[in-house]
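Here the structure is laid out as structure tokens; the discussion comes afterwards.
The values are calculated or read from the model by the stated rules, or taken from the named source; none is laboratory data. Just so you know, these numbers come straight off a predicted model, no measurement behind them. Here the Cβ positions follow ideal geometry from the backbone for every residue, glycine too, while neighbour counts run over all protein chains shown.
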Amino acid sequence: MSINNKQGFSTKAIHAGEKPDFREGATGDVVVPIHLSTTFARAKTAVPTAGYEYTRSLNPTRRALETKLAALENAQYGLAFSSGLSAESTVLVALLKTGDHIIAFDDLYGGTKRLFNSVFTHYATTFVDATDAANVERAVQPNSKLIWIETPTNPLLKLADIRAIADIAQRHNLILVVDNTFLSPYFQKPLDLGADVVVHSTTKYIGGHSDVLGGAVLTNDSGLYEKLQYHQNAIGAVLAPFDSYLALRGIKTLALRMERHAQNALAIAQYLEKHPKVTRVIYPALTSHPQYELAQRQTTGAGGVLSFEIKGEISDAERFLESLTVFSLAESLGGVESLIELPSVMTHASVDKAVREQIGITDTLIRVSAGVEDIDDLIADLAQALN
Ligand SMILES: *Cc1c(COP(=O)(O)O)cnc(C)c1O
């Protein structure tokens, strides 16, 4: 992958992986074509054309996306998958063997937790509160191989100190994996902070338009990449060419979108903090956030997701949500449209109520994915529904 790491973020987002081809017979497309061919013919029996043989192993459209994502995360290597969870599963198959021990943040995306608890049961996983890096180190065992975190978490927006945990990983010879879905490389670059592997659900901010499922894995470690690439092909959960194109198209405006998502999220958070019917607002760019200092240190922005709690009972929360007209009441996040949801009834309904209350997901905790609409319309909608 030829990547120019001296260029700025938006320049790479637009150009990396999509150089027009001026070779004899090529057409100089400015946008990489959607290569649907599943197989690639060769002129000489022993020589694949430009390295392409079969689309599961390597596809030009997918490769363009992999190159672009690698450029944005300051990675040498990138791989794209059919979903965030298939990317994660490939990492877990490729890098671990039966009996290996994983230390994981106890506040992970539910689907990731399900992989550890119900799918990869031949590994042992210890969940710790990784907001304090010391808890991660205390969980290290002789068979520990990998640390898995995401930061900020969902929906409580807890942070983990990537650099401190990377130091622990290095001291104990462990692989640190960071799920960077929530901030995208625009606001946080875990590899620069010492992580070994970054994973993404590109379904969220990278795709950015709530219309394409996908996942990605990025690394600078050639040994890890070799294993990951082998398993990408061997397992075959690759991203389709058309979906690769949609993700490529989305990424070009990532910087613009992330700036607006964060502006809108902050304005909503500040509005809600002053509202008499709101008891608590959680957003890492508010000085009231318990890890505000860490957010300032390791990220360049707080992203588009915030959570808040309203007074009353679950029925009050439901009435509020059903009164909104600009926000859509829906799961997921990271698209241009503002979404809102009730974790206790929707995304986190499968978590035991006692556990939910204990970690802070109360009945009236509401999660917002701030879109890129006009802020006045978003605030007016919240105001009328709160009334
Ligand atoms: C959505 C999400 C995933 C799973 O990705 P899919 O694309 O839905 O498979 C993983 N991690 C985080 C943080 C997510 O938000």
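Identify all residues within the stretch 20-66 that are touching a residue at least 24 places away in the same chain (Cβ under 8 Å), of a type in the set (S, T, N, Q) and touching a strand residue (DSSP E or B) at 6+ places or on another chain (Cβ under 8 Å); write none if there are none.
THR55, ASN59, listed by residue number.
Which of the following residues is within 16 Å of the ligand (Cβ to nearest atom) and either in contact (Cβ under 8 Å) with a residue 60 or more places away in the chain or in the same structural domain as SER244 (by TED's automatic domain parsing) (or both): LEU72, LEU79? Give the derivation first.
Numbers: LEU72 fails: within 16 Å of the ligand (Cβ to nearest atom).
From the options LEU72, LEU79, the qualifying one is LEU79.
Give the residues of the stretch 313-353 that are under 24 Å from THR202 (Cα atoms), surrounded by fewer than 19 Cβ atoms within 10 Å (Cβ to Cβ) and β-branched (Val, Ile, Thr), sorted by residue number.
Once the filter is applied, which keeps residues that are under 24 Å from THR202 (Cα atoms), surrounded by fewer than 19 Cβ atoms within 10 Å (Cβ to Cβ) and β-branched (Val, Ile, Thr), the stretch 313-353 yields only VAL336.
Any idea how many residues of the stretch 148-170 are more than 16 Å from the ligand (Cβ to nearest atom) and in contact with a helix residue (DSSP H, G or I) (Cβ under 9 Å, 6 or more places away or on another chain)? Walk me through it before giving the result.
Start the filter on the stretch 148-170 by keeping residues that are more than 16 Å from the ligand (Cβ to nearest atom), which leaves 161, 163-170.
Subsequent filtering for residues that are in contact with a helix residue (DSSP H, G or I) (Cβ under 9 Å, 6 or more places away or on another chain) retains 161, 163-165, 167-169.
The total comes to 7.
Does ALA41 qualify as being more than 24 Å from ILE235 (Cα to Cα) and part of a loop (DSSP other than H, G, I, E, B)?
Working: more than 24 Å from ILE235 (Cα to Cα): no; part of a loop (DSSP other than H, G, I, E, B): yes.
Here the answer is no, as ALA41 does not meet what is asked.
Against the conditions (1) out of contact with any Lys or Arg (no Cβ under 8 Å at 6 or more places or on another chain); (2) farther than 29 Å from ALA265 by Cα; (3) of a type in the set (Asp, Glu), where does ASP179 fall short? Just the number, please.
ASP179 satisfies every listed condition except (2).
Which is in contact with a Pro (Cβ under 7 Å, 6 or more places away or on another chain) and at pLDDT 95 or above, of VAL198, VAL238?
Working: VAL238 fails: in contact with a Pro (Cβ under 7 Å, 6 or more places away or on another chain).
That would be VAL198, the only listed residue that is in contact with a Pro (Cβ under 7 Å, 6 or more places away or on another chain) and at pLDDT 95 or above.
Given the residues GLU337, GLU373, which is the only one that is touching a Gly at 6+ places or on another chain (Cβ under 6 Å), under 19 Å from MET258 (Cβ atoms) and assigned by TED's automatic domain parsing to the domain that holds LYS277?
Details: GLU373 fails: touching a Gly at 6+ places or on another chain (Cβ under 6 Å).
One residue alone meets the criteria, GLU337.
Cβ-Cβ distance below 6 Å, separation of 6 or more or different chains: which pairs start in the stretch 152-171 with a residue that is closer than 24 Å to ARG280 by Cα and in contact (Cβ under 8 Å) with a residue 60 or more places away in the chain and end on one that is assigned to a loop (DSSP other than H, G, I, E, B) and more than 13 Å from the ligand (Cβ to nearest atom)?
Once the first residue is closer than 24 Å to ARG280 by Cα and in contact (Cβ under 8 Å) with a residue 60 or more places away in the chain and sits in the stretch 152-171, its partners that are assigned to a loop (DSSP other than H, G, I, E, B) and more than 13 Å from the ligand (Cβ to nearest atom) give PRO152/LEU159; PRO152/PRO284; LEU156/GLY360; LEU157/PRO284; LYS158/THR131; LEU159/GLN291.
For every residue, the table says whether it meets (1) surrounded by 15 or more Cβ atoms within 10 Å (Cβ to Cβ); (2) at pLDDT 95 or above; (3) in contact with a helix residue (DSSP H, G or I) (Cβ under 9 Å, 6 or more places away or on another chain).
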position: ILE3; (1), (2), (3): yes, no, yes
position: LYS12; (1), (2), (3): yes, yes, yes
position: ALA16; (1), (2), (3): yes, yes, yes
position: PHE22; (1), (2), (3): no, no, no
position: ALA26; (1), (2), (3): no, no, no
position: ILE34; (1), (2), (3): yes, yes, yes
position: ARG42; (1), (2), (3): no, yes, no
position: THR55; (1), (2), (3): yes, yes, yes
position: THR61; (1), (2), (3): yes, yes, yes
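Which residue pairs have Cβ atoms closer than 7 Å, lie 6 or more positions apart in sequence or on different chains, and pair a first residue in the stretch 84-102 that is closer than 16 Å to LEU224 by Cα and modelled with pLDDT of 95 or more with a second residue that is in a helix (DSSP H, G or I) and near the ligand (Cβ under 9 Å from one of its atoms)?
As it stands, the answer is GLU88/THR112, since those pairs meet every condition given.
Being within 11 Å of the ligand (Cβ to nearest atom) and part of a loop (DSSP other than H, G, I, E, B) is the filter here, so list the residues in the stretch 171-184 that pass it.
ASN180, THR181, PHE182, LEU183
Hey, any hits in the stretch 182-202 for a residue that's aliphatic (A, V, I, L, M) and touching a Phe, Trp or Tyr at 6+ places or on another chain (Cβ under 7 Å)?
So the first thing to find is which residues in the stretch 182-202 are aliphatic (A, V, I, L, M), and the list is 183, 191, 193, 195, 197-199.
From what's left, touching a Phe, Trp or Tyr at 6+ places or on another chain (Cβ under 7 Å): none.
Within the stretch 182-202 (the criterion being aliphatic (A, V, I, L, M) and touching a Phe, Trp or Tyr at 6+ places or on another chain (Cβ under 7 Å)), the answer is no, since none of the residues qualifies.
Please specify each residue of the stretch 103-116 satisfying the condition of being more than 14 Å from the ligand (Cβ to nearest atom) and modelled with pLDDT of 95 or more. Before you say what the answer is, go through the steps one by one.
The first filter runs over the stretch 103-116 and keeps only residues more than 14 Å from the ligand (Cβ to nearest atom), leaving 103, 106.
Scanning the stretch 103-116 gives a single hit, ILE103.
Can you tell which of ILE366, ILE310, ILE375, ILE361 is modelled with pLDDT under 95 and either more than 16 Å from the ligand (Cβ to nearest atom) or over 22 Å from TYR205 (Cβ atoms) (or both)? Quick ask: steps written out before the conclusion?
Working: ILE366 fails: modelled with pLDDT under 95; ILE310 fails: modelled with pLDDT under 95; ILE375 fails: modelled with pLDDT under 95.
Answer to the check: ILE361.
Having 2 or more residues that are touching a Leu at 6+ places or on another chain (Cβ under 7 Å) is the bar; report the helices (runs of 4 or more DSSP H) wholly within the stretch 296-387 that clear it. Let's see the steps before the verdict.
Numbers: elements: 314-323, 353-359, 375-386.
Helices (runs of 4 or more DSSP H) meeting the threshold: 314-323, 375-386.
Give the residues of the stretch 190-243 that are hydroxyl-bearing (Ser, Thr, Tyr), touching a strand residue (DSSP E or B) at 6+ places or on another chain (Cβ under 9 Å) and either in a loop (DSSP other than H, G, I, E, B) or within 16 Å of the ligand (Cβ to nearest atom) (or both), sorted by residue number.
Going residue by residue through the stretch 190-243, those that are hydroxyl-bearing (Ser, Thr, Tyr) are 201-203, 205, 210, 219, 222, 225, 230.
Subset that is touching a strand residue (DSSP E or B) at 6+ places or on another chain (Cβ under 9 Å): 201-203, 210, 219, 222, 225.
SER201, THR202, THR203, SER210, listed by residue number.
Can you work out which of the residues in the stretch 330-356 that are of a type in the set (Val, Ile, Thr) and within 13 Å of SER369 (Cβ to Cβ) is nearest to the ligand (Cβ to nearest atom)?
Quick first cut of the stretch 330-356, residues of a type in the set (Val, Ile, Thr) only: 336, 340, 345, 347, 351, 355.
From the residues that got through so far, the ones that are within 13 Å of SER369 (Cβ to Cβ) too are 336, 340, 347.
Numbers: VAL336: 16, ILE340: 16, THR347: 9 Å.
Checked the stretch 330-356; the qualifying residue nearest to the ligand (Cβ to nearest atom) is THR347.
Of the residues ALA267, ALA262, which is among the hydrophobic types (A, V, I, L, M, F, W, C), surrounded by fewer than 21 Cβ atoms within 10 Å (Cβ to Cβ) and outside the structural domain of PRO155 (by TED's automatic domain parsing)?
Values: ALA262 fails: surrounded by fewer than 21 Cβ atoms within 10 Å (Cβ to Cβ).
Matching residue, one of ALA267, ALA262: ALA267.
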